[in-house]
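Every number here is computed from the coordinates shown, using simple stated rules; none is lab data. Only a predicted model underlies this, so the values are computations on that prediction, with no experimental measurement involved. Cβ coordinates were reconstructed from backbone atoms using ideal geometry, including for glycine residues, and neighbour counts include every protein chain displayed.
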Amino acid sequence: MNSSYKNNLNYGDLFESITFINKPRSILEIGILDGFSLKCFSDNSDKNTQIDAYDIFDEFNGNHANKELLIKKFKEYKNINIQYGDFYELYKLDHKYDIIHIDIANNGDVYEFAINNYLSKLNKNGILILEGGSEKRDNIEWMIRYNKPKIKPVLRKYKDKYNIKTIGELPSLSFIRI
């Protein structure tokens, strides 16, 4: 079908729209890098929305976030809390969120862990957003080079249990709701 809506997907517009529509009171961001999605979430949420952003910073063996630069970049954002935190431990926090965004060099194992440990950290009508999920994303160079488990089989495993939607090709995003 022909449509003017068919064009390149702008992930920033997507993060901003989700924030605008959901009106979250609390957001959990795991994996910050340069703060792109963090800025989108903050700029489009109420100033009282609490945003907890975690990263392992230079402990990540690859393209990683610089904590000092991020703190300086977001110093005017009083609702953002940037700190060290490991994805495999943060689910133990006694807090629930309206939006959880995970972007930590995601692969099938990360997805499996997120579904099993982070969905329960969502408030009613909350949404789990994970980078990846498309066929192209499963076959990018580093996923193949490091023999990382693909994401698509994990999504197929849970498709009848949860509401799951993947959009875009690269990097792609997957949305999961209970």
*How many of the residues making up the range 122-178 are more than 24 Å from Leu9 (Cα to Cα), touching a residue at least 12 places away in the same chain (Cβ under 8 Å) and assigned to a strand (DSSP E or B)?*
3
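Would you point out the residue of the range 94-121, among those that are assigned to a loop (DSSP other than H, G, I, E, B) and in contact with a strand residue (DSSP E or B) (Cβ under 8 Å, 6 or more places away or on another chain), that is surrounded by the most Cβ atoms within 10 Å (Cβ to Cβ)?
Within the range 94-121, the first condition is being assigned to a loop (DSSP other than H, G, I, E, B), and the residues that meet it are 94-96, 103-107, 118.
Pick out the ones that are also in contact with a strand residue (DSSP E or B) (Cβ under 8 Å, 6 or more places away or on another chain) and you get 95-96, 103-104, 106, 118.
Working: His95: 11, Lys96: 15, Asp103: 20, Ile104: 20, Asn106: 23, Tyr118: 21.
Only one residue fits best here, namely Asn106.
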_Qualifying positions in the range 116-159 - acidic (Asp, Glu) and closer than 26 Å to Ser26 by Cβ_ = Glu131
